[in-house]
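Colleague: Sharing a structure, written as structure tokens. Questions coming.
We did not get these values from a lab; they are worked out from the coordinates using the rules stated. Predicted model, so just to flag it, every value in this text is computed and none were measured. Don't worry about glycine lacking a Cβ; one is built from the backbone with ideal geometry, like all the others, and counts go over all protein chains shown.
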């Protein structure tokens, strides 16, 4: 394109532009603009004048790419805007237009400087650069001492000057002023018009929308619109060379810069700052929303910690009795009988099986233990030296008998904790002392470690253990084991080993009269049940997280409705749909992150209190991280719909909302 052609190409060209509303769901179509044909050139100061309902504001929305026409063409610098998507239109608004509205349209939670900086945020400008430019613009417009003031702390004229500074933030090559003096007194209105005169003189293209003909006469070109049609046009006036043009946007404010990592981080920082400010302003509502997340996260942490602690306590108690054990006993041959008798040959057969680590015969029966004038009836048992290994039951004091004691039928014994308490209540060390078992003297070698309750109401600590050979010869008169304790190598093959024991003994005894009590399977079943209970507790607690997430969604939907105009303002200043989506997602996530942190702290404090009350609690970093992660995910999931709704708003409809 030649230099001459470039000079004559209008900045804005409208060809038979039309705009209609309605025509859907049975509503009649209303045509607001009826074929506008118009050319505007760079540097012009144009006033579009008309009464209310004439279509001038609709025309301004179309010129500023806030709305799309229903017919005709709109060429911007020779390019048809009909082919631009929502993000391209946002870029055009960001780089080319600056809006000055009758109602100022400042964000109430932001300061004057922050309102002015907004277009540069979406343009990707560096924080220091945009802050310096915003301060310079506000100072130039006489608001250097009002940088930190919020809109409600400024007069109408001051708010309009902030709006003008915002329009100039990214250069403001085209300033669209919609009734800029309509809400101002005469003095403030005169000041604003003087600023518009100054911008026009400085080379900006100024398009003034007004119903006041006196205000319109300040422009160099006046276009009158009536009933959606242009009825008069004073014609293009010569454009004076600007004596001192205002600085245009720096290279940092290009569309590509808005997508750089630095720009995204800067925008994310601003989104977090704005989100935190909104949360603080509505702190009571935010607190109620946080409560659901806090309770949910704390409940998950505490429930899983208590469940894991209980599971660990149960498994620890079970492990005292051996997690790899099973017991072999003869099946009773009648309701009153003790069944067929096991033999030591059966024990040898079991011991030779591949997965069997230890097979220990055990013979039992009640005995009366006596020391001095104290008699105590207790469980007596005869075992081999494999006792500690087979039953995982060590001695807490003294020693266990050895192989030589077994071979020599030695009269030695190891007693349980309850027997010690009964016979040695005077505090005497039982090791080395002599007691009588059914009037047979035995020397105490040691005391078994305490185990606590066994099956039923009995206690595992209520027993005396002597060598198997001694028990058979001196106490019970029989060497038939009452049962055989079996420990296996591979716990996962315990069931197969149990079945194998039954089969080999059936073949050896020529009768299927033994039964295997598989302790391993019982423990695995209990552990699985405990894990299931823990998971169930966690799921129950997670329900409160979902409830908290629903609360976040409701609050975010309410926030979108309350801040619809703010969304329109952000879009008018160049925010893309994904920028709005990101803004509200950040707010939702910030709520849940804050609630998640508070929930983690609360859960740890509750857990600490339970520990003080002796409740078994085991905190899991995985559970804590999982609960916190679920809280953040809740913010993303439940905040997405409100954020998407905000991003999909029509800029014009958003700006006109109350």
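Colleague: How long is the gain from residue 312 to residue 52 if the chain were fully straight, where each residue apart is worth 0.36 nm and the alpha carbon distance is subtracted?
Modeller: Going from the current span to full extension adds 85.8 nm.
Colleague: Ok, one more. Given that just one value was derived from the coordinates, which of (1) 44.3, 133; (2) 31.2, 99; (3) 24.7, 79 is Rg and Dmax of the Cα atoms in Å?
Modeller: Looking at Rg and Dmax of the Cα atoms in Å for this model, the match is (1).
Colleague: Gap in Å between the Cα centre of the stretch 592-658 and the Cα centre of the stretch 350-427?
Modeller: If we compute the Cα centre of each part, the gap is 57 Å.
Colleague: Sum -39500 (n - 2.57) across every DSSP H segment of at least 4 residues in the chain, then divide by the residue count to get the 222 nm mean residue ellipticity, nearest 500.
Modeller: When only DSSP H runs of four or more count, the value is -15000 deg cm²/dmol.
Colleague: Moving on to the next point. What distance in nm lies between label points placed 7 Å from Cα along the C-beta direction at residue 614 and residue 370?
Modeller: 3.9 nm
Colleague: Going highest first, how would you order 204-211, 33-40 by mean Cβ packing within 10 Å?
Modeller: Per-residue Cβ counts within 10 Å, averaged per peptide and sorted highest first, yield 204-211, 33-40.
Colleague: Can you sort 229, 630 so the residue with the fewest Cβ neighbours within 10 Å comes first?
Modeller: By the 10 Å Cβ count, ascending: 229, 630.
Colleague: Also: Kindly state, to the nearest 0.05, the FRET efficiency for residue 128 paired with residue 640, given R0 = 35 Å and r defined as their beta-carbon distance.
Modeller: Plugging the Cβ-Cβ distance into 1/(1 + (r/R0)^6) gives 0.60.
Colleague: Run through the DSSP bridge list for the stretch 3-259 and note the antiparallel percent, rounded to the nearest 5.
Modeller: Details: 19 of 37 bridges.
Looking only at bridges with both residues in the stretch 3-259, the antiparallel portion is about 50 percent.
Colleague: Turning to a different aspect of this structure: Given a Förster distance of 35 angstrom, what is the FRET efficiency for residue 273 paired with residue 88, based on the Cβ-Cβ distance and rounded to 0.05? Could you put the intermediate results ahead of the total?
Modeller: On the way: r = 28 Å, r/R0 = 0.80.
Between residue 273 and residue 88 the formula returns 0.80.
Colleague: Can you tell me, using C-alpha contacts under 8 Å and at least 6 residues apart, the relative contact order of the stretch 3-259 as a whole percent?
Modeller: Numbers: 498 pairs, mean separation 70.8, N = 257.
Relative contact order, the stretch 3-259: 28 percent.
Colleague: Sticking with this one: Kindly put 496, 198, 406 in sequence by how many other C-beta atoms sit within 10 Å of each C-beta, fewest to most.
Modeller: Arranged by neighbour count, lowest to highest, 496, 198, 406 become 496, 198, 406.
Colleague: Using 0.36 nm per residue, how much length does the chain from residue 597 to residue 543 gain when fully extended, once their Cα-Cα distance is taken away? Each step should come with its number before you reach the end.
Modeller: Working: separation 54, 0.36 × 54 = 19.44 nm, distance 1.82 nm.
Residue separation times 0.36 nm, minus the Cα-Cα distance, leaves 17.6 nm.
Colleague: Continuing with this model, one more query. For 424, 45, what ranking results if the residue with the fewest other Cβ atoms within 10 Å of its Cβ goes first?
Modeller: 424, 45
Colleague: While we're on this one: What do you get for the angle between helix 112-123 and the principal long axis of the chain? Use alpha-carbon atoms, 0 to 90 degrees, nearest ten.
Modeller: Taking the Cα atoms of the chain, the angle to 112-123 is about 80 degrees.
Colleague: Then there is this: Can you pull the one-decimal nm distance between simple spin-label points at residue 558 and residue 185, each 7 Å off the Cα toward Cβ?
Modeller: For residue 558 paired with residue 185, the spin-label model returns 3.9 nm.
Colleague: Just grab the label-to-label distance for residue 283 and residue 39, each label 7 Å out from Cα along the Cβ direction, in nm (one decimal).
Modeller: So the two model labels end up 6.1 nm from each other.
Colleague: Can you tell me what share of the DSSP beta bridges in the chain is antiparallel? A percent to the nearest 5 is fine.
Modeller: 70 percent
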